[in-house]
Amino acid sequence: MALLLINSCRKDRQNLPLTKTELITEARSFFENETVNLPKLNDNNVRHSLNKIPLWDKATIKKISIGEAVIVPIKYDYEMLLKPENDKTFNSLEKSSYLMIYKNKLQELQVEWVTVIPDEKTRGNKFVGTIAIEDWNGKFKQGFAFGADGDMLPIYSNNAITYRKIAFARSLYCITINHYGYVMDYPQIIGSETYCFGNSDGNTNNDITLKNGGGGGGTSPTDYSYTIDCNKVVNGTATWNEDCQTCIGGTTGLTDCPPKRSVTDSTTTPCIKEGVTIGKQANTTIGAMLNKTFGTSNEYGGLDLQFIEGNTGTDDGWCRKDGNVSWVITINQNLPNVSSKEYILSTIYHEILHAYLEATYPKNSTGMFLIPHDEHQDMAEKYIILMTGALKLNYPNLSDPEAWGLAWGGLQDTPFYNDDTKITDDQREEIVEINRKHKNKNNLLDRSGTYCN
Ligand SMILES: [Zn+2]
């Protein structure tokens, strides 16, 4: 009887849950005694070579499949970005990795450096991508790839695949994660790491049974992905809204579904309105780019764009970003007094291209373009033909050279305009002359194009 009492007493004490502070203190002391001084790996992984410190004052507790885990954000001495090879979206290493300490089923503390790399297919709370679980020094422990259909496959790091390449040739399927660092404000590739499906011991077959949170050994949690929110922030509080298919809250800056997307024409001068209407409705590629990007549908979110007219000084038009998802195109209110309809339309197309380029180029979290580019140079390089075609479609009487000359309007400051890779001296003169004549309304003897009254 006494024995029973002692046993049950001991059992009770063991089950008494630790407070949050106690859990973190216990984790920290274990980490600092057992883990922090693990030898540095001398592999080729740039990520492993970064100095990092756990931010204990920001540690939180997370319920995981086998109990409670202490999750500690990590500060790195270098701002690294991670990007699956074929994706466009960059992930900050700092935001997508953390230190996780938990007890396995034998009540032994486990320390893991978790790096969560979402794929572009990640939507809402459904994580798609790869997760690497390593010792604090980067020694690979295990990895998983989560598929869009909810499958989870074990993956292993590239050291083994490099070594066993020949043996694996038949079933080789790997994911390469590129490492980027900022060089002159723009991310440049500074390394990569590769994960392949299967086990490093050569068994590529069927460890798929690990899925559904099972895990044969049961010593490790399988729910690493739940610590990342839909805004790809570790331990973030953003949630996915099914109605507007948008991630809201947390660090998104949104508290509600964004307004429905739209292309709005607020111009009133008939001649400008005519141009905007043609630009919006014409069945041209640029029209399609406009409507696909900014939308004429009732879809939520995305981007919206408004046309207005105003005083733009000596400029024919402006395209300005207004907030995070809105663009405003201002057409010079004086254009109808001096310019042909064709010239006005070319101005409208030019500004639409600005909005399109600004809205579709990948940017980092601070809104800085990830790929260096000059919009006018891009237009000169890629869109002259589209613009020429669009102008001719709307104004069939426009000759090919005239449409082409108008398409070059506004691009005089690009390198392509000024070097000889795309146009010759004679062509430069021709472009100037075409644009001059389309902006010479009041000289009936020396003007080209059609005009509003
Ligand atoms: Zn421009």
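Note on ASP151/TRP318: beta-carbon distance plugged into 1/(1 + (r/R0)^6) with R0 of 45 Å gives a FRET efficiency of 0.35.
By the rule of a C-alpha distance below 18 Å, with chain neighbours fewer than 8 residues away ignored, the aspartates and glutamates paired with LYS126 are ASP87, ASP149, ASP151, ASP223, ASP229, GLU242, ASP243. Here the dipole of region 263-446 is about 560 debye; that uses its Cα centre as origin and unit charges on the Cβ of Lys and Arg (positive) and Asp and Glu (negative). Computed across region 263-446, the Kirkwood hydrodynamic radius from all distinct Cα-Cα pairs reaches 16.9 Å.
Placing dummy labels 7 Å off each Cα toward the beta-carbon, the span from ILE189 to THR89 is 2.1 nm.
Sorting the segments 137-145, 386-394 by their mean number of nearby beta carbons within 10 angstrom, highest to lowest, gives 386-394, 137-145.
The alpha-carbon positions of region 358-452 define a convex hull whose volume is 133 Å³ per residue. A straight Cα-to-Cα reach below 18 Å connects LYS103 with the lysines LYS11, LYS20, LYS62, LYS63, LYS141, residues fewer than 8 places away in its own chain not being considered.
With a 10 Å Cβ neighbour count serving as the proxy for reagent exposure, in which order, fewest first, do SER29, SER97 appear?
Details: SER29 11, SER97 25.
The order, fewest Cβ neighbours first, is SER29, SER97.
Highest-first packing order for the peptide set 339-348, 41-50, 285-294, 102-111 is 339-348, 285-294, 41-50, 102-111, based on the mean count of other beta carbon atoms within 10 Å. Highest average first, the peptides 81-89, 255-263 ordered by how many other beta carbon atoms sit within 10 Å of their residues are 81-89, 255-263.
3J(HN,Hα) along region 110-116, derived from phi through the Karplus expression 6.51 cos²θ - 1.76 cosθ + 1.60 where θ = phi - 60°, amounts to 10, 10, 9, 9, 9, 10, 9 Hz, with x in place of Gly and Pro.
Only the coordinates and a few stated rules stand behind these numbers; no lab work does. Being a predicted model, the structure only gives us computed values, none of them experimental. No Cβ is skipped: glycine too gets one built from the backbone with ideal geometry, and neighbour counts run over all protein chains shown.
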